[in-house]
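What follows is a single structure, written as C-alpha cells, with notes after it.
No lab work stands behind these numbers, since they all come straight from the coordinates. Given the structure is predicted, the values throughout are model-derived calculations rather than measurements. Using ideal geometry, Cβ is built from the backbone for each residue, glycine included, and neighbour counts are taken over all protein chains shown.
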Amino acid sequence: MITSPTDIFIGYDDKLVYEGMTSMLSTKPSYNVLGGAPNGEDVFKRLKFEIPKVIIIEVGVPSAENIQYLIKLNKDYPHPKTMLISSICNNGNISKIMDTGIQSFILKSCNKEDFFNALSHLDDNKKFYCSTITQMLLQEYHDMKDKDNGVLTQRELDVLRGLVNGNTNKEISIDLKINESTVKTHRKNLMNKVGAGNLFSLVRYACRNKLINPGMDSFCLGCPYRQ
C-alpha cells in the first residue's frame, strides 16, 4: 500500500537552521516540506493557505513570548501536530511549554536520529520528547513534590549555597545557567520554606543544617553554629 508523504511546514527563527532541516527532509521520500516562514505573523499568514500534517517550530531559548505564540498556534491550528525545536531551557519552563499543546519537543543539541524519531512518533499520533527534556520533566516533577512537602529542592540548595558564599543574584544565575528572575523566585521560596525574614536568617539556617561549603570555614570562626 502506497502512502502519501507527510506534509511539513517549518516556522523558523534562523534561516540557516530551516535550510538544514529542509536538506535533511529532502533525503526522505516519506516527508514533503510545503515551505516555511519566519516565526510570527508570517507563519499564521502562510497556514491560511498551507495544510500540513506537521508544523515544526524552531526557536531559541523558550521565552514567555514564545510560549504565548505556541498557545495561539495550537489554538488556531489544532489539527497539525506541532514539534518544537529549541535551545536548552530552564526546568521551570518545561510544564508551561507542554501546556501549550505541542506533541513533540527536542533540543537543537539532539542528533538527526532524534529528529526523525520525533517525526515518526508524530506520524503514529504519539508524543516524543528527547532524553534531556524527559530528564528535566522528571526533575521538575520531583522538585514540585519536594516543594509541596516543604523540602528544599536541589536547585534551591544550589541557590542557598550561592547566597552563603556571598554571591549576588546575577552571579548565581550565571553560575547555575538560569535566569536572574528564576534565582529571585528560588530565593523567595527558600525564605518561605525555612521561615526566614531576611538573608541573615537564611544563612543561619544553612549553618545550622550544615549546608555551608567547607571552604567557608575560615569565615565562621567563633560561630556557635559552626560545629
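Numerical summary
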read-out: Listed residue pairs exceeding 22 Å between alpha carbons, taken from K48/K96; K72/K96; K48/K112; K177/K210; K53/K75; K81/K177; value: K48/K96; K48/K112; K177/K210; K81/K177
read-out: Calculated Cα extents along the principal axes in Å (choose from (i) 57, 38, 36; (ii) 79, 32, 31; (iii) 49, 36, 32), label; value: (ii)
read-out: Listed residues S173, G35, Y12: farthest to the positive end of the dipole of the chain (Cβ charges); value: S173
read-out: Qualifying chymotrypsin sites (Phe, Trp or Tyr not before Pro) for segment 1-76 [loop in DSSP, other Cβ within 10 Å: at most 14]; value: F49
read-out: Dipole magnitude (debye, nearest 20) for segment 152-219, charges at Cβ of Lys, Arg, Asp, Glu; value: 240
read-out: Magnitude of the charge dipole, the chain, Cβ model with Lys/Arg +1 and Asp/Glu -1, debye to 20; value: 740
read-out: Value in Å of the Kirkwood radius, where segment 6-136 supplies the Cα pairs that are averaged; value: 14.5
read-out: Trypsin sites (Lys or Arg not before Pro) lying in DSSP loop within segment 35-78, provided at most 13 other Cβ fall within 10 Å; value: K48
read-out: More than 18 angstrom apart: percent of Cα pairs within segment 152-219; value: 29
read-out: Cα-centre dipole for segment 6-136 with unit charges at Cβ (Lys and Arg positive, Asp and Glu negative), debye to 20; value: 200
